[in-house]
Ligand SMILES: Nc1ncnc2c1ncn2[C@@H]1O[C@H](COP(=O)(O)OP(=O)(O)OP(=O)(O)O)[C@@H](O)[C@H]1O
Ligand SMILES: [Mg+2]
């Protein structure tokens with residue numbers, strides 16, 4: 001049997017009376033780049049929270065590296081190499097760019113390497129070396145997004161979950177960032193799960209798409225197939241103007 | 001580069017000036033005592049700054065840890081003859097236990113629970129201190145048995161011998177804060193302060209970090225409590241656990257710069273100097289109430305003009321000044 005890096009089985013999440021996730025199941029293999037799409041309020045960010053440990057699911061199980069992590073605290077998931085960014089950027093605003101990365105590197109640097117060299121290589125990879133002493137408030141949106149990604153990949157990172165990292169960027173900035181994200185997958189073998197609203201970008205990045213609608217997975221397959229799926233067209237593409 | 005350099009030299013000059021104070025021509029025991037009071041005030045601010053300024057956990061009842069340090073040392077000494085250099089450990093241990101209890105219960109929750117708990121615990125300890133009269137002397141307070149000049153009891157008729165330990169404490173706490181701001185533990189505390197969810201996502205054990213920060217801050221505060229009671233020779237429930245005391249502990253950092261190493265030092269010094277100056281002016285011009293009004297007005301002015309504390313504008317000033 002194929003060994004999955006992440007297995008989400010029958011996961012649900014209820015907020016009061018609102019069912020945000022309804023029996024969601026899917027699996028991701030090591031090294032994949034998977035896109036997660038769906039209309040506003042479909043439950044994408046909630047799924048990220050539940051997988052990364054920010055919220056406990058109401059039901060179901062989550063397995064990572066073959067182990068049940070449903071009740072593992074979020075910070076231990078990060079130390080085990082499962083990283084995420086936030087839909088609305090969250091940085092340590094009173095720390096420098098370098099310190100933002102250092103905090104994370106100190107938690108999960110693999111034995112035999114130093115957190116300083118981990119920070120350095122992440123800064124170089126994301127071309128942030130000129131900004132090490134800046135505070136987040138002094139950076140452009142694109143650079144702040146990079147810092148958040150840097151904080152996620154520094155140290156031990158095996159799986160990266162990006163929640164709309166490209167939104168708000170110009171076309172050039174977005175292309176630039178997509179290149180860097182794909183390089184993480186290509187060079188370091190990081191498994192990537194991206195939530196993205198801009199369809200062409202997702203189609204270009206992901207080799208597989210998951211479509212979430214009202215908390216349910218309604219499609220799971222190759223981007224070209226998913227784009228032709230009638231359910232997806234009515235649920236997502238049909239309701240969202242300009243997304244083709 | 002220039003800033004660091006001049007800051008360090010100004011700092012060293014200030015420390016030497018204070019250390020040699022008793023030798024200065026105009027100096028007398030009133031001035032020395034005033035400086036010791038200032039140093040104790042600053043050290044309390046520095047201790048609070050660790051959890052509130054660096055860790056972002058608003059303790060509104062830090063008097064608890066101060067009072068435990070002071071009472072533990074004093075009670076052990078009077079009732080069982082335990083010298084303060086042993087009693088101080090009991091005070092720090094008591095503060096640590098209370099810190100673990102408060103933090104253990106509230107730090108898993110978000111929001112105002114921790115701040116509220118510190119207030120409630122303060123009020124409870126104040127009540128307890130007033131109630132157990134046999135042990136604490138109740139409302140009247142507790143006077144340390146006076147031995148005169150004594151190494152055993154760490155007591156002195158003159159204030160001067162307290163100058164150096166108080167100065168050492170402030171310098172030590174300053175160095176500790178500087179180190180903390182760059183250390184792994186300090187970065188974790190600051191990350192938690194800035195954003196708990198992001199800290200968790202970075203792999204930081206948020207609960208443990210807050211708890212350890214409070215523990216450190218509480219122990220630092222209790223140590224100052226011991227110094228306080230050795231110097232003043234008396235402690236009472238309001239002075240130890242009261243909310244006025246707790247507010248006093250917060251002011252140096254708020255005035256000088258929250259979460260910075262120099263902030264509480266600067267803030268504490270400015271506050272005491274301003275207080276002495278307004279006192280002097282009001283007695284000079286014989287207008288009762290002028291001192292409080294002027295002092296309050298000055299603090300208000302600082303808070304409005306420099307909401308981040310004095311340390312920011314001051315370092316900007318030093319940076320701008322030509323050689
Ligand atoms: N903490 C919460 N408490 C209550 N309801 C919530 C909470 N978080 C999300 N929801 C609700 O759950 C549903 C799914 O929200 P979620 O943020 O996961 O959607 P999304 O797919 O990420 O949407 P978007 O594209 O707008 O980011 C929404 O109806 C939302 O209002
Ligand atoms: Mg979302």
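Readers should treat all values here as calculations from the given coordinates under stated rules, not as data from a laboratory. Every value quoted in this text rests on a predicted model; they were computed, and no experiment measured them. Counting neighbours? That spans all protein chains shown, and the Cβs are built from the backbone with ideal geometry, glycine included.
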Final fewest-first order of A:26, B:244 on the 10 Å Cβ neighbour count is B:244, A:26
Take every residue in peptide A:97-107, count the Cβ atoms of other chains within 10 Å of its Cβ, and give the average of those counts. 5
Per residue of chain A, what 222 nm ellipticity follows from adding -39500 (n - 2.57) for every DSSP H run with n ≥ 4, rounded to the nearest 500? -10000 deg cm²/dmol
Can you pull the Kirkwood radius for the stretch A:1-71, inverse mean 1/r over Cα pairs, to one decimal in Å? 12.6 Å
Considering all projection directions equally, how large on average is the shadow of the alpha-carbon convex hull of the stretch B:199-243, in square nanometres? 4.1 nm²
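Translational diffusion coefficient of the stretch A:18-142 at 25 °C, 0.890 mPa s, Stokes-Einstein with Kirkwood Rh over Cα pairs, in µm²/s as a whole number. Intermediate results must be reported in sequence, preceding the final value.
Values: Rh = 16.9 Å.
For these conditions, the coefficient is 146 µm²/s.
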Over chain B, what is the mean sequence separation of C-alpha contacts under 8 Å (at least six apart), divided by residue count, expressed as relative contact order in percent? 29 percent
With contacts defined as alpha carbon pairs under 8 Å and 6 or more residues apart, what's the relative contact order of the stretch A:91-157 in percent? 52 percent
At 4 °C and 1.567 mPa s, grab the translational diffusion coefficient of the stretch B:29-256 from Stokes-Einstein with a Kirkwood Rh over Cα pairs, rounded to a whole number in µm² per second. 73 µm²/s
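Convex hull over the Cα atoms of the stretch A:91-157, averaged projected area in nm²?
Values: hull surface 15.3 nm².
Taking a quarter of the hull surface, the average projection is 3.8 nm².
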Separation of alpha-carbon centers, the stretch B:243-311 and the stretch A:96-116, rounded to whole Å: 40 Å
What average number of partner chain Cβ atoms lie no more than 10 Å from the Cβ of the residues making up B:177-188? 2
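If the protein assembly as shown were replaced by its equivalent ellipsoid, with semi-axes equal to the square roots of 5 times the Cα gyration tensor eigenvalues, what would those be, largest first, whole Å? Don't jump to the answer; show the numbers that get you there.
Numbers: eigenvalues 611, 138, 83 Å².
Those come to 55, 26, 20 Å.
Averaged over A:77-86, how many beta carbons belonging to a partner chain fall within 10 Å of each residue's beta carbon?
Values: counts 3, 5, 4, 1, 1, 2, 3, 1, 2, 4.
What the average comes to for A:77-86 is 3.
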Cα extents of the stretch B:18-85 along the three principal axes, largest first (Å): 44, 38, 16
Distance from the Cα centre of the stretch B:39-66 to that of the stretch A:1-64, in angstrom? 42 Å
Size of chain A as Cα extents on the principal axes (Å, biggest first): 49, 39, 38
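Using Cα pairs closer than 8 Å and at least 6 residues apart in sequence, work out the relative contact order for chain A, in percent. Before the final figure, lay out each step's value.
Working: 452 pairs, mean separation 61.9, N = 244.
RCO, chain A: 25 percent.
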Where a ≥ b ≥ c are the square roots of the eigenvalues of the C-alpha gyration tensor, would you call the stretch B:1-127 rounded, which needs a/c under 1.5, or, failing that, prolate if a/b is larger than b/c, or oblate? oblate
Is the shape of the stretch B:59-182 best called rounded, prolate or oblate, per the rule: a/c under 1.5 gives rounded, else a/b larger than b/c gives prolate, else oblate, with a ≥ b ≥ c the square roots of the Cα gyration tensor eigenvalues? oblate
A chain fully extended from residue A:67 to residue A:87 at 0.36 nm per residue, minus the present Cα-Cα distance, gains in nm 4.5 nm
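So, R0 is 41 Å and r is the distance between the beta-carbons of residue A:172 and residue B:105; what FRET efficiency does that work out to, to 0.05? Please report the intermediate quantities before stating the final value.
Numbers: r = 51 Å, r/R0 = 1.25.
Rounded to the nearest 0.05, the efficiency is 0.20.
As a check on your grasp of the helix formula, calculate [θ] at 222 nm for chain B: sum -39500 (n - 2.57) over DSSP H runs of n ≥ 4, divide by the residue count, round to the nearest 500.
Details: 15 runs with 238 residues, N = 323.
It lands at -24500 deg cm²/dmol.
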Across every pair of different alpha-carbon atoms, what Kirkwood hydrodynamic radius in Å does the stretch A:122-244 reach? 15.8 Å
